[in-house]
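What follows draws every value from the coordinates through simple rules; no lab data is involved. Just so we're clear, the structure is a prediction, and the values are computed from it rather than from any experiment. Here the Cβ positions follow ideal geometry from the backbone for every residue, glycine too, while neighbour counts run over all protein chains shown.
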Amino acid sequence: MLQAGKEWRTRSLVLALAGGVLLAMATGCASRRAAKAARAVKPPPAAPAPAHSTALPKPNGAEQATLRPGLMVNVTVIVAGKKQIEEAGRRVSETSTLTLPLLGSLAVGGETLDSLTARLTAEYREYYVDPQVMVEFVRDDQPESISPWGSITVLGRVKRPGRVSIPPTRDLTVSVAIQQAGGFDTSAKDTAILVTRRAPDGHTTTRHINLREVGVRGRVENDIVLLPDDVVYVPELVF
């Protein structure tokens, strides 16, 4: 009886060990097959970049407007839900300084709104606990004002040739720029408007814009968005 029990236990142990080995082999094979399948799957090809509808050079990136003399900003400091400082329409001086309560005169030339906000937050922590600082540009509608987002120039057969400021939305199109310049003057040729753009390397590119097609055929892609320092020229219609 004892001998039979020992033999039975020995056989059970052998069978258990064999089962474990087989299970490990099966698991290893499955893992290798899964890894091989994963390597065989190739990532989808990258989608092609959309083609631009204009030959004019595009900016390298969305550049932030920087502070410079003449620009106006609102500065608000909130502490525990209450306004502690509210400076509306503060203009940057000719020496690129901005005067604020508690801080005095600060040199701000060349700073963006983001960098100035971070700087003022750090400065006002000397006076307040966890201040929340907000800085925003103020649109100055005076004729001699300058835009933080730059301007374009409209020349030729328009009623008020000159500079047109780019709005905060930065969506100034050719047709809107001409409207801001008083609209077409007499004998204006609206089918051959010239838009000239200067690239960072100094190279200039000119595109012909047919605004009549924009209105008659709905070719809104021709009414392109202008960039700072673009020049729009409306030629005269020759009879």
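At the listed q of 0.17, 0.21 Å⁻¹, the Debye profile of the range 151-234, built from one uniform point per Cα, gives log10 I(q)/I(0) equal to -0.63, -0.96. Around the amide H of Glu136, modelled in the peptide plane, lie the amide H atoms of Asn74, all under 5 Å away and 5 or more residues distant in sequence or on another chain.
Restricting the range 94-190 to GluC sites (Glu not before Pro) that sit in a DSSP loop and have at most 15 other Cβ atoms within 10 Å of their own Cβ leaves Glu94, Glu126, Glu144. For the range 151-234, a simple Cβ point-charge model (Lys and Arg +1, Asp and Glu -1, everything else neutral) yields a dipole of about 200 debye relative to the Cα centre. Shape class for the range 72-138, computed from the alpha carbon gyration tensor (a ≥ b ≥ c): prolate, with a/c not under 1.5 and a/b above b/c.
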